[in-house]
Amino acid sequence: MTEQFPVTDRSRVRRMHDRASHAWADVHAVLDAAPMCHVGYVIDGAPYVTPTLHWRQGNRVFWHGSSASRFLRQAEGQAVCLTVSLMDGYVLARSAYNHSVNYRSAMVFGRANKITDAQESAAALRQMVDSLFPGRWDTLRPMTAQEAKATTVMWMDIAEASVKDRVGPPGDAEEADVPVWAGVLPMRTTLGTPEPAPEMAAGVPLPAELAELVASGLLRPA
């Protein structure tokens, strides 16, 4: 039986026909494919949504930001909703009503926590860098104490989650006699040709791991 995340408040996680899934593997797959998330929470009665990079370890999702951010300072202990989405194409139908998009999205709920131990924070930041660029952390100059102090790492264990997606052509095959072009305009976000920093010394090669990542067509390693 496929393991699923619990859904205790289905008014927040609505099913759209058969597009929704609560299977752990489906949720993890979308989280891992997208490098950027949006974290939403309510502070002093007002809603806020902030974009940031995220990374996952098991059922725990991490994100980071500036220690000076009042949002992060006040988010600790708050219920949060973290979302990611990827667009895979425009779906053009014979009618405006049936136009759609092919996409993948994940919405996860939990309670925000802050890492307060310096060593744990450094280990989490190392995981963030290496989850995006394998092996890169060990090639970098060490993080300074001031840089570590200026960076806050947050995490939450996923309590509820839902994935929605759409794939395939427009769903209006019964209107094939309408003389209008219909189909999918595929959309793909990929890494481009690396652009060296202009002041970089000559002869510094592009790491093989980065070349492989660019060649893979993925936004982050599988």
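Within the range 105-138, if we keep just the residues that are in contact (Cβ under 8 Å) with a residue 24 or more places away in the chain and basic (Lys, Arg), the residue that is nearest to Arg73 (Cα to Cα) turns out to be Lys114.
Please state which one of Thr193, Thr152 is among the β-branched types (Val, Ile, Thr) and over 22 Å from the mean Cα position of the chain (by Cα).
On the way: Thr152 fails: over 22 Å from the mean Cα position of the chain (by Cα).
Of the residues listed, the single one that is among the β-branched types (Val, Ile, Thr) and over 22 Å from the mean Cα position of the chain (by Cα) is Thr193.
Pairs linking a residue in the range 180-191 that is at pLDDT 95 or above to a residue that is assigned to a loop (DSSP other than H, G, I, E, B) and open to solvent by 60 Å² or more (accessible area, probe 1.4 Å), with Cβ atoms under 7 Å and 6 or more positions apart or on different chains, are Val180/Arg94; Ala182/Arg94; Gly183/Pro169; Val184/Pro169. The condition (being touching a residue at least 12 places away in the same chain (Cβ under 8 Å) and either open to solvent by less than 50 Å² (accessible area, probe 1.4 Å) or closer than 25 Å to Val184 by Cα (or both)) is satisfied by just one residue among Phe62, Phe71: Phe62. Filtering Val184, Val163, Val153 for residues that are buried (at least 16 other Cβ atoms within 10 Å of the Cβ) and farther than 29 Å from Val91 by Cβ leaves a single hit, Val153. Suppose we keep only residues that are open to solvent by less than 50 Å² (accessible area, probe 1.4 Å) and part of a loop (DSSP other than H, G, I, E, B) within the range 103-123. Which one would you say is farthest from Asp88 (Cα to Cα)? Within the range 103-123, the match that is farthest from Asp88 (Cα to Cα) is Ile115.
The values are calculated or read from the model by the stated rules, or taken from the named source; none is laboratory data. From a predicted model like this one, the values you see are computed outputs, not experimental measurements. No Cβ is skipped: glycine too gets one built from the backbone with ideal geometry, and neighbour counts run over all protein chains shown. To get the accessible areas, we keep the full protein, side chains included, count just its heavy atoms, and leave off ligands, DNA and RNA. Shrake-Rupley method; radii C 1.70, N 1.55, O 1.52, S 1.80 Å.
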